[in-house]
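All remarks here apply to the structure that follows.
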Amino acid sequence: MEETHEILLRVEDLSVSFEGKNFVQAVEHVSLEVRAGDRLCIIGETGSGKSILLLAILRLLSPTAKVSGKAFYRDKDLFALTEKQLDAIRGSRISYVPQGSGNGMNPLLKVGFQVAEPMIAHRGMKRKEAESRAVELLKSFRLDREETIAKQYPFTYSGGMRQRALIAMGISAGAEVLFADEPTKGLDETRVKLTAEAFNALEGKTLVCVTHDLGFARSVSSRVSVMYAANQVEAASTEELFRNPLHPYTRDMLAAMPENGLHFRPGYAPAHSDAGTAGCKYALRCDRCSEKCRETPPLFDLGGHQVRCWQYA
Amino acid sequence: MTKLRHNKAMLAGLIIIAFFVLVALFADLISPYDPSALGVAYQKPSAEHLLGTNDLGQDIFSEMIYGVRVSLFLGIFSALIVTFVGSVFALIAGYYGGAADRVICAVTDIAMAVPSLPLTLLLIAYLKSGVFSLVLAISITAWTGTARILRSRVRQICQLPYIKIEKTLGVRTPVILFKHVLPNLKDILLTRMALSVSGAMMTESGLSFLGLGTYGQKSWGNILHFAFFRNSILRGQVWWYLPPIICICIAVMGFMLVGYYGQQKKD
Amino acid sequence: MLLHVTKKVVIAVLTIWLIITISFTLVHTMPGDPIIFLIGEEEYYYLMDNDPAYLEMLIEKYGLNDDLGTQYARYMKSVLTLDFGESYSNHKPVLENFASAAKWTLRLSVPTLVVACFLGAVLGIHAGIHPGGRFDRITTPVFLVLNTIPSNCLSLLLLILLAYKLKWVPINGMVSPGLEGAARTASILRHMALPLFILIVFRTSGDFMLMKSTVSQIRSEEYVLTARSKGIGRRKVLFRHVLKNAMVPYSTSLCMQLGSLLSGSMIVEVVFGWKGMGQMMYTAVSNRDFATAQFCFLLSAVCVVLSNLLGDIVNAAIDPRIRREVGTDD
Amino acid sequence: MKRILALTLALLLCLALFAGCGGETKTNPTPAPGGTNTAAPAPTQQPSGGQETPAPTQAPAPTAEPAPAGPKHVANLIVGTTAANNTFNMTGQKDAFGRMNYNGLTQGNFFYRDENGDIQPYFCKSYEISDDGTVLDFTWHEGAIWHDGQPVTADDIVFSFEYMRDVKKVGSLSNLTKIEILGDNVGRLTFSHPDVYYWMNTSVMNTSCVYAKHIWEGVTDYSNVTGPEAAIGCGPFKLVSYDLDSQTSVYEVVPENDFLGEITVDKVTVQSYADQASLMMAMANGECDAYYTYASPIDATLIDTFAGMPDLDLGESPFAGSYQMLFGCSRAPGDDVNFRQAIAYAIDYPTAAATINGVYGQPANRGVLNPSIKGFDGSIGMLEYNPETAKSMLEAAGYKDTDGDGWREAPDGSAIDLSVIPQYSSNMEVRSRLGETVVASLKGVGVNCHIDEEAITNSEIWEDKVTKEDYDISITFCTSGMSYSTPFRYMLAELREGDSGWHWGSYHSQELKDWYYAMTEAINDEAYLENSRKLQHLADEEMFALTFAWQTSFFPFRTDKIENWGNWKSWGVINSETWFRITAK
């Protein structure tokens, strides 16, 4: 079993900030490890820096972003690779699946071709062969009438169909690790279930999914990491986290879920610009806030369940 | 104000415009001589005549100062007409859509199909010479660009839910248009106005260069035309033909900077 | 698609007809007695003194004092039979003058269009890819300034500098006399250099602005991010994804420019004494040469309408969403 | 990205080149040279691909062995002009071809006006006017040939006069009753009125030349003939080729038509330039030998940049053309002679002279005519710019500023706001500048006035206003060509009965009309001079109009390759005698 537990992705003390008109600290000192077969879900409010984390790892951020820290895929330091070497990994080893609801796909190219593109680039397939393989992939996601819709354009697809086509595009070149960015955004209940099934059907794939849909996270992930105002505040196995949330923010977030009675915690996440200040970010809204919280709490590891809160010092 | 500070280019544009407006307003005080007073012809720049004198002995520096007034008045006045006509057409086409929209689009297409400079030449032959007819001739064909851009923006705004709600609430149309739609257009209106001022000034300088400008008025284009007519180039009278060219370019660029970078600020 | 195209063609024909009528009424009701311009001021007054009958004969010949209606009917008939009458200035058929003027205007406008579209695109992409980058910060202000300088000012400045002072380029005219074959072509190129350079500068700055804003907009679209995440390499991302989408607005503007291919730029042609369509139109309008003026209006209207039509067709070809609106896909 | 940039620059270059000459090769129509006659190659429309040299008719002139003792021929006289090289029709005066025929280049003009304005025979060998001025006997050169090779016959002569009288309806020939051929090369014209002198003087420059019967017989719509036959004449040179693109036309010598002696020029090239500046630059570089454009000398502002240039003579001479200022004499205050005399002192003549002619313009006298015009009377006093005198004369005449608004009112108290109308023309620059000068001068002495903007941009409105005498001050221009009928033609308020034509003056006086017609229809010089003097004195006393300035005209020419030029006053070195006198150095 050693093989399945090999560390595929290691992120050490990753921070991302943007200069621009006003200074924005998007990600602050995040470290995480993803082993083969893991299905990690990163949850948190919008604007907590989740998606930026994913993009930073694959170096897809705009040049104005300042990225520090390290990120390793297997033994390769992703930040040291040249653009060419990184391209060899992108799509073929780690692939990124954008939101289905946005225009993640090029409006002027046929869907079949876009799904086939990674295969042409990385597996040296001819276009015809890759496109027929792409139709097979679409079949595996039960999109129906696959031959005809493969020749159509993205705007004729519904949100759900587009999401599943994007997943097919992600795995078409046989990538080990799948980064998914808010796959359930803008989808109704039934489409979310279908997308969850699609993800769960991927055997042997390592998934790193970013979402704010807790229900979806629970049904898809094996581990969960919670982010709040650019910081990682808690990380644990899914079952452990939902059963015994430690960090006050996670607890309040779970309490706010419909099945737990919709108890709302008033107040807002701190604005980006002053995210860089010291101290626990949740102090303003935390009911157990104490003098100690002035200092930034480290990430305490309680047997695999990490939490960033002085209560557990 | 932070946006402005960052948007250096737009600031530069505004400074240029402010400078010229000030010069236009206080032309009588600033200019050392009455530009139509005769004197000794073709004098080189000297203490009394900063930019020398032209073929009638009139002080070129004063002519340039009064020239600001005509060129600016002409540019701004035709920009007002262009923006007004453009936005009225856009509001009607965008808001009502359907038949009105098609008619207005057809009119815009036709106005675009007619070549602008020759049509202006025609109109100038028609109209009594003078600044007003020049303004009319310039703006007759210049409104199409503004109309087309504003129309697409108005159609976008009218799709927004709150406009639809207003309609269902039975709010009277003019109220909707002027209270809700127009404020949203403020940005585009400003930039289109700036761009059409620069367009109008370019056309005026072109027309005056072709000798069709207003003979009576002292516009920059006019000064340049007479400088060119009197072979100031071959005679090396740089102080006669260069200032109008530089002023026209700077003024046109001032408005263009505000127009172009004004759009940048928006998106 | 067929229904759509026929609708477009009908509208196009209607627009052309409307423009002909507008230009006809405008030109014909223009003040100023055309006869003075037909034979020149001096001869007009001389003939008025010595030979008024001949003047009458001329007016009769050109049917100038028929009422507007008959003149209009005659003009429409002649338009349909493509006989555009005789130019008032040199009594040659308008089409013959047009042929030589168009030949010279095309020599300027075709290279301008080709070079500017290419240069504008390449520089525009380069600046659009990294907005705010070093390249962008240098080129955008330069092209913005070039875009705003009135054409007559820049033409004059360069004429003074290059032709009068440095004598690199002939002052004006199109070709030096008494040459043939290669020498004549070389002389044409030398005469063409400065006006061509100015036209290219203006057109390139326009195209650059358009391409740059389009590319910098597309660059931040999601599907470009997806394309980069597929690891297919920067070049493929640029050409297959960014450029394809940038071509929609860019090709529309190119089609528009095709429309103005034949009308030539009036001011540059007047400054450089380039006897092209621009100058022909200018002299026709200022000398009340009705036949030529109407022909020029008609020609430019037809060109603009055709280029709009072409623009729609090209757009539909590139962008399936527009095709979809047109109801061709299932 | 660097590679892409390099690639594009390379592409850019070859594209421009390709498109440049591409345009050249793909549109290269070579129209078949039309032409009704066969003997000599008709002038060909030059294919833009280049000038193919037509086979010369007679054997090439024997340039190889040394020319006999006679004068050294000018191989190729290049005439620079600003008139266009577009139409080549001998019946009209349009474009360079028409204007060159004032100098008898390709046409056999019967007479020409020499340096002092006297009529000399050209195609005619000699002429004699009967005492009562009704009969003209003349002889003409035998042996003259048309450019298509056919000989000039007596029929052509008779046909010419009939054609001019009946088809071209030349006014001065309306009373021609009989055209007789008395022997070979001897003819007689008989008029019902003493119009011989009048015809010779008014039409000497208006295409009164021999018309080829075999070309023009039966042609009524002569100005629209655009074929090569329209250029055929019997003058010393024939049109050989023209190139519209480079605006050049080439003429070769026809030795048979040596009217004033041996033709000393073998070839003439007429090269037209877009404007005077590029023409002068070309002449400075030796690209053309002499400047000729009818009635429009080189602008004074341009000439001093070329003063002192080696081998370049500015061709200075007094100019017969002039700008006039006419008073609106049919309405107040123009009808008051004292007002007019006062205003005559108010006009800033030095500035007006500078506007018209730069440093070379001099103030004029009160007699309207220029010194170079026939009949000029030097005894008349000069115009003087003296605002103080003007003010005192205005005060004396009762034009005071009664309501204290700074502007003078008429004696009856009514306000004065004179409307100044410069004559409409396609180039308005000098006239509108003169308008500004007049306005500034009048305001300087307290007389309010304005430029009538409407008339400036619209010829119909202008003509309507001046014909209805709806102006207080009108500014007109009289070209040097009109010097025989003098600027007084412009000042006539009404014409002779039965005469229809334009009249822009507003000074209704019987003397003006009588003396004018007596002068133009004088049967001899004495009558012409006497009436001209009377008119000048009338202008001096009544001041119904005045001339702004006397001008100097410049028709420059090069002196390095050619000598024996003859610079005629306000005409230049290119005249009817040029072809027979200039020789190569």
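Before moving on, here are some points about what is shown:
- Selection count where residues are more than 22 Å from the chain's Cα centre (by Cα) and assigned to a helix (DSSP H, G or I), scope the stretch A:156-171: 1
- Scanning the stretch C:151-170 for residues that are of a type outside the set (F, W, Y), facing chain B (nearest Cβ under 10 Å) and free of Cβ contacts under 8 Å to residues at least 40 places away in the same chain turns up C:C153, C:L157, C:I160, C:A163, C:K165.
- Residue tally, condition in contact with an Asp or Glu (Cβ under 8 Å, 6 or more places away or on another chain) and among the polar types (S, T, N, Q), over the stretch C:91-136: 2
- Any chance D:D417 is farther than 29 Å from D:W502 by Cα and among the charged types (D, E, K, R): no
- Looking across the stretch D:232-248 at every residue that is of a type in the set (A, V, I, L, M) and at pLDDT 90 or above, the one that is nearest to D:C124 (Cα to Cα) is identified as D:I232.
- In the stretch C:126-142 there is at least one residue that is within 7 Å of another protein chain (Cβ to nearest Cβ), assigned to a helix (DSSP H, G or I) and under 19 Å from C:A246 (Cα atoms).
- Checked against the criterion of being over 25 Å from the mean Cα position of the chain (by Cα) and at pLDDT 85 or above, the candidates A:Y153, A:Y96 yield just one match: A:Y153.
- Scanning the stretch C:235-254 for residues that are in contact with a helix residue (DSSP H, G or I) (Cβ under 7 Å, 6 or more places away or on another chain) and either without any contact (Cβ under 8 Å) to a residue 60 or more places away in the chain or facing chain A (nearest Cβ under 7 Å) (or both) returns C:V237, C:H241, C:N245, C:P249, C:S253.
- Top-ranked residue of the stretch C:38-70 - restricted to ones that are at the interface with chain D (Cβ under 9 Å from one of its Cβ atoms) and in a loop (DSSP other than H, G, I, E, B), ranked as farthest from D:N224 (Cα to Cα): C:D51
- Flag if D:D156 is at pLDDT 85 or above, loosely packed, with under 15 Cβ neighbours inside 10 Å and part of a helix (DSSP H, G or I): no
- Among (1) in contact with a Phe, Trp or Tyr (Cβ under 6 Å, 6 or more places away or on another chain); (2) farther than 25 Å from C:M76 by Cβ, the one test that C:D312 misses: (1)
- For A:L86, the criteria (1) touching a strand residue (DSSP E or B) at 6+ places or on another chain (Cβ under 7 Å); (2) within 8 Å of chain C (Cβ to nearest Cβ) hold in every case but one, which is (1).
- Residue in the stretch C:23-34 that is nearest to the other protein chains (Cβ to nearest Cβ), counting only those that are surrounded by 18 or more Cβ atoms within 10 Å (Cβ to Cβ) and in a helix (DSSP H, G or I): C:L26
- Among residues of the stretch A:126-145, those that are in a loop (DSSP other than H, G, I, E, B) and under 30 Å from A:A196 (Cβ atoms), counted: 5
- Among the candidates C:V242, C:V201, C:V175, residue that is aliphatic (A, V, I, L, M), farther than 24 Å from C:V270 by Cα and crowded, with 18+ Cβ neighbours inside 10 Å: C:V242
- Contact map, the stretch C:273-289: first residue within 13 Å of C:A101 (Cβ to Cβ) and within 12 Å of chain D (Cβ to nearest Cβ), second residue surrounded by 24 or more Cβ atoms within 10 Å (Cβ to Cβ) and of a type in the set (D, E, K, R), Cβ cut-off under 6 Å, separation 6 or more or different chains; pairs are C:G276/C:E269; C:Q279/C:E269.
- Pairs linking a residue in the stretch D:217-233 that is more than 13 Å from chain C (Cβ to nearest Cβ) to a residue that is surrounded by 20 or more Cβ atoms within 10 Å (Cβ to Cβ) and among the small types (G, A, S), with Cβ atoms under 8 Å and 6 or more positions apart or on different chains, are D:P228/D:A42; D:E229/D:A42; D:I232/D:A212; D:G233/D:G108; D:G233/D:A212.
- Residue match in the stretch D:258-276 (condition: assigned to a helix (DSSP H, G or I), out of contact with any His (no Cβ under 8 Å at 6 or more places or on another chain), surrounded by fewer than 23 Cβ atoms within 10 Å (Cβ to Cβ) and not assigned by TED's automatic domain parsing to the domain that holds D:I421): yes
- A single member of A:E45, A:E28 is at pLDDT below 85 and not in a loop (DSSP other than H, G, I, E, B), and it is A:E28.
- Considering D:V253, D:V240, the condition of being assigned by TED's automatic domain parsing to the domain that holds D:G308, surrounded by 19 or more Cβ atoms within 10 Å (Cβ to Cβ) and closer than 20 Å to D:N86 by Cβ is satisfied by D:V240 alone.
- Qualifying residue in the stretch D:201-211 (condition: within 30 Å of C:G173 (Cβ to Cβ), free of Cβ contacts under 8 Å to residues at least 40 places away in the same chain and part of a loop (DSSP other than H, G, I, E, B)): no
- Residue that is farthest from C:R190 (Cα to Cα) [pool: residues in the stretch C:88-104 that are touching a residue at least 60 places away in the same chain (Cβ under 8 Å) and within 10 Å of chain D (Cβ to nearest Cβ)]: C:S89
The values are calculated or read from the model by the stated rules, or taken from the named source; none is laboratory data. Keep in mind it's a predicted model, so treat the numbers as computed, not measured. Because the Cβ atoms are built from the backbone with ideal geometry, glycine has one as well, and the counts that use them run over all protein chains shown.
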